[in-house]
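Q: Pasting a structure here, questions to come.
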Amino acid sequence: MLKIDNVNLSFKNFSLKNISISLDDNDTLVILGKSGSGKTLLLETIAGKYEHAGSIILNDKALHKVKACERKVSLVYQNFALFPFLNVFENIIFASKIKKIDKNIYTKKAEYLLERLGITHLKQSPIHKLSGGEKQRISLARALMRKSDILLLDEPLSALDYISKDSAKKLIKDLILEYKIMTILVTHDLEECEYFADKVAFMKNGSISRIIDINSYKKMKREEVLNEYI
């Protein structure tokens, strides 16, 4: 279970204000907000990039007292944040290798993820030769290498073309269900929201106005939804 209580943060000329969220195991929360509303900053705060006021409790562990590298949190960035000087396989196993996990264990897991995501043929490929969809799959594989309690997805479909989006959308949802992992996904796309969400949070100017379940969201008119976060 995730419980965020009254988190406040000032960063440059922007602030997160009084953020409170409760999320059950295996739930997916979609945060709807336009660009610049603070969605990415919130994900980075949960992942441990910034100090903040308030508390973040994940499965009874106070994350605000834990270093980022020790948090069981995986963050997939909108721009994928892959290492350009490493090939596909090296990117996927990078963290496992640094943490000195048994090579046989992390190699077996990486090979499974390569096959599961349909990118085995790219194993030795350099990052600069990959498409946006391929980079996204590698970024997902790297995130799932960690034994995380929560997956944070920052606009995971925004860099993909229309044709790639449909297959990527299904793949992401299938992986969330397969790994039974609590997920927070941020987007400004209403269709993506309805496809992924168990709960929906509306974010505007660094604040979350309200959180509702997906059934309540589906009953809202499009204009009502847009008014919540634009």
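The values are calculated or read from the model by the stated rules, or taken from the named source; none is laboratory data. Quantities reported herein were computed from a predicted structural model and do not represent experimental measurements. A quick note on method: Cβ atoms are made from the backbone with ideal geometry, for glycine too, and the neighbour counts reach across all protein chains shown.
Q: Please go through the range 1-32 and pick out each residue that is surrounded by fewer than 15 Cβ atoms within 10 Å (Cβ to Cβ) and among the small types (Gly, Ala, Ser).
A: Ser10, Ser20, Ser22
Q: Given (1) surrounded by 15 or more Cβ atoms within 10 Å (Cβ to Cβ); (2) outside any helix (DSSP H, G or I); (3) at negative phi, identify the lone condition not met by Phe85.
A: If we test Phe85 against (1) surrounded by 15 or more Cβ atoms within 10 Å (Cβ to Cβ); (2) outside any helix (DSSP H, G or I); (3) at negative phi, just (1) comes out false.
Q: When only residues in the range 68-102 that are under 21 Å from Ile181 (Cβ atoms) and basic (Lys, Arg) count, which is modelled with the lowest pLDDT?
A: Lys99
Q: Mind counting the residues in the range 152-167 that are within 14 Å of the chain's Cα centre (by Cα) and either surrounded by fewer than 17 Cβ atoms within 10 Å (Cβ to Cβ) or not charged (D, E, K, R) (or both)?
A: Result for the range 152-167: 5.
Q: Please find, among Ile105, Ile92, Ile101, the residue that is under 29 Å from Gly133 (Cα atoms), part of a helix (DSSP H, G or I) and out of contact with any helix residue (DSSP H, G or I) (no Cβ under 7 Å at 6 or more places or on another chain).
A: Ile105
Q: Could you list, in sequence order, the residues of the range 178-208 that are exposed (fewer than 12 other Cβ atoms within 10 Å of the Cβ) and either at negative phi or in a strand (DSSP E or B) (or both)?
A: Scanning the range 178-208 gives Glu178, Glu191.
Q: Taking Ser139, is it in contact (Cβ under 8 Å) with a residue 12 or more places away in the chain, surrounded by 15 or more Cβ atoms within 10 Å (Cβ to Cβ) and touching a Ser or Thr at 6+ places or on another chain (Cβ under 6 Å)?
A: Taking the combined requirement at face value, the residue does not satisfy it.
Q: Considering only residues of the range 51-71 that are surrounded by 15 or more Cβ atoms within 10 Å (Cβ to Cβ) and in contact (Cβ under 8 Å) with a residue 40 or more places away in the chain, which is farthest from the chain's Cα centre (by Cα)?
A: Gly54
Q: Now for a separate question. Kindly establish whether Ser131 is more than 21 Å from Ile176 (Cα to Cα) and hydroxyl-bearing (Ser, Thr, Tyr).
A: So Ser131 passes the test.
Q: How many residues does the range 211-230 hold that are in contact with a strand residue (DSSP E or B) (Cβ under 6 Å, 6 or more places away or on another chain) and not in a helix (DSSP H, G or I)?
A: 3
Q: Of Leu16, Leu58, which residue is over 30 Å from Glu178 (Cβ atoms) and assigned by TED's automatic domain parsing to the domain that holds Asp154?
A: Answer to the check: Leu16.
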